[in-house]
Amino acid sequence: MRAPSKRRQLTGLLGWLGISYLAAAIGAIASINAVDFYERLAQPEWAPPAAVFGPVWMTLYGLMGIAAWLIWRGRPRRKALNLFLIQLALNALWSWLYFVWHLGAVSFYSILVLWVLILCTLITFWRRKPLAGLLLVPYLLWVSLASALTLATWQLNPQILG
């Protein structure tokens, strides 16, 4: 099999980064008032400050895009990339569930499903290209924290996230 040209490689990288950052933008639209909303919530002591979320997510979306690109470059890839796209869509939906619609229970259960999908994507990527799987580890760890935070804020704020 012939290696893709440098131009095709660059186009693929930009495409996968674009897809990842498109999901980020969809989530960001839902999160326009997230800082105010987040700061109004009763929170556990271990909750990160609101200012941390943006930079962390921007980094994670970049790592996700690079990981998907690494898989895109190899074969077989359709199943792995479809799994990646499904978890990415659920990731974008979560912001709407939590920040716009204030659905605490639905947000919590959807982030648990997201966590499982990320783990499945990570394993699938790892089997094809270990570096691609490794790039998803920080994402899985951050969503682990976000899952615990979603549960805690839902339980601490039933009047808002009930």
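The values are calculated or read from the model by the stated rules, or taken from the named source; none is laboratory data. Here the structure is a predicted model, which is why all the values come from computation and not from measurement. With ideal geometry, Cβ positions are generated from the backbone for all residues, glycine too; neighbour counts draw on all protein chains shown.
Okay, here's what the table says:
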quantity	calculated
Residues located in the stretch 113-146, provided they are small (Gly, Ala, Ser) and surrounded by fewer than 18 Cβ atoms within 10 Å (Cβ to Cβ)	Ser144
Verdict on Ala28 being in contact (Cβ under 8 Å) with a residue 60 or more places away in the chain, farther than 28 Å from Lys129 by Cα and assigned to a helix (DSSP H, G or I)	yes
Val35 vs. criteria of a type in the set (A, V, I, L, M, F, W, C), at pLDDT below 95 and over 28 Å from Thr11 (Cβ atoms)	yes
Unmet criterion (only one of (1) loosely packed, with under 14 Cβ neighbours inside 10 Å; (2) over 11 Å from the mean Cα position of the chain (by Cα)) for Thr59	(2)
Single condition Leu93 does not satisfy, out of (1) out of contact with any helix residue (DSSP H, G or I) (no Cβ under 6 Å at 6 or more places or on another chain); (2) farther than 17 Å from Trp57 by Cα	(2)
The lone exception for Arg78 - which of (1) over 27 Å from Trp96 (Cα atoms); (2) surrounded by 12 or more Cβ atoms within 10 Å (Cβ to Cβ) it fails	(2)
Close pairs (7 angstrom Cβ cut-off, 6 or more residues apart or separate chains): over 16 Å from Asn33 (Cβ atoms) in the stretch 97-109, loosely packed, with under 15 Cβ neighbours inside 10 Å anywhere	Gly104/Gly162
